[in-house]
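Comments concern the structure below.
Since every read-out is calculated from the coordinates, none of them should be taken as a lab result. Note that the coordinates shown come from a computational prediction; the quantities given were computed from them, not determined experimentally. We place every Cβ from the backbone using ideal geometry, glycine too, and count neighbours over all the protein chains shown.
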Amino acid sequence: MKPLYHFIFFLLAGALLQGCSVTNLFTEPGGKPDTSVSALDNIFLNNPDYQYHIQVDDKVSISVWQQDELSVGSVYGIYNSNEVYGKWLLVDAGGNIEIPRLGTVNVEHMTVISLKDSLSARFGEYLVNPIVDVKIMNKEISILGEVRNPQVVTLDTEQSRLLDVIARANGFEFYADTKRIRVLRQIGPDVHMATIDLTQSDSILKRNIALYPGDVVIVPAKNSKRIDRQLSNIIPFTSVATAVAILFNAL
């Protein structure tokens, strides 16, 4: 009878191993090498002249100094502009917003500077030397995976650095694979990906690339996470199986 018990034991153990497999959502199957940052310099190279261009579904606040009736979410008012309170204008599917007194204005593809200059000129028909400020309220970067606080990070500046965003997410989790951090960036219809190794301290500043609104940072897990999870499921089973085997041996 004992060979039969041993056969049943190994059969159940094999079934358990297959049942507790873990899929890492942030790793491509097949182990194909990712594209390095150096091979994508024209896409991920730090650009000090970068300016964000307004897109459909952006939330725009407009502030005109001492002209509350012309402002939407004014930073000059008693209450600061805040996305929670809806003090913004939504860029519609046609790339337009409705601005007090000016009516429908097409803003798609404009930079903040060009929009400020345009509004200053148009408000100048009614006001003397108008002071206009424009803010895009939903410039965001997503960070996912093995960080302590995965989130959508709102940017107050034109761009941010990779390490700044990781710090905003409270740093890495224990199983974070810092050799294969992925940055996804969409340019037109195409999505480009770079893999960044932050373990090479000699070039950490070069790898601390500038991130732009819309970028997605993915921190994958090490393979040891899958193994540890499998072991955590196997150990209770093996304890019970060992007790059963001892019991049968005693019979």
Each label sits 7 Å from Cα toward the beta-carbon; between Ile187 and Glu125 the label points are separated, in nm, by 3.8 nm
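Using Cβ contacts closer than 10 Å as the measure, can you line up Val128, Val112, Val152 from fewest to most?
Numbers: Val128 5, Val112 19, Val152 11.
Sorted ascending by nearby Cβ count, the order is Val128, Val152, Val112.
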Here, chymotrypsin sites (Phe, Trp or Tyr not before Pro) of segment 149-184 satisfying both criteria (DSSP loop; at most 14 other Cβ within 10 Å) are Phe174
From the phi angles alone, apply the Karplus equation (6.51, -1.76, 1.60; θ = phi - 60°) to segment 187-192 and give each ³J(HN,Hα) in whole Hz, x where the residue is Gly or Pro.
10, x, x, 9, 10, 10
Give me the percent of Cα-Cα pairs in segment 59-136 that sit more than 22 Å apart, rounded to a whole number.
16 percent
Taking Rh as the Kirkwood radius computed over alpha-carbon pairs of segment 118-164 and applying Stokes-Einstein at 25 °C with viscosity 0.890 mPa s, one gets a diffusion coefficient in µm² s⁻¹ of 178 µm²/s
In whole Hz, what ³J(HN,Hα) sequence does segment 152-165 give by Karplus (6.51, -1.76, 1.60; θ = phi - 60°), x for Gly and Pro?
9, 8, 8, 9, 9, 10, 5, 8, 9, 8, 4, 5, 5, 5
Counting other Cβ atoms within 10 Å, keep those with at most 16, restrict to DSSP loop, and tell me which chymotrypsin sites (Phe, Trp or Tyr not before Pro) in segment 66-164 are left.
Tyr76, Tyr79, Tyr126
Would you list Thr157, Thr178 from fewest to most Cβ contacts within 10 Å?
Thr157, Thr178
Low-density loop positions, GluC sites (Glu not before Pro), segment 81-177 - DSSP coil, at most 15 other Cβ in 10 Å
Glu125
Let me have the relative contact order for segment 90-221, percent, based on Cα pairs under 8 Å that are six or more residues apart.
23 percent
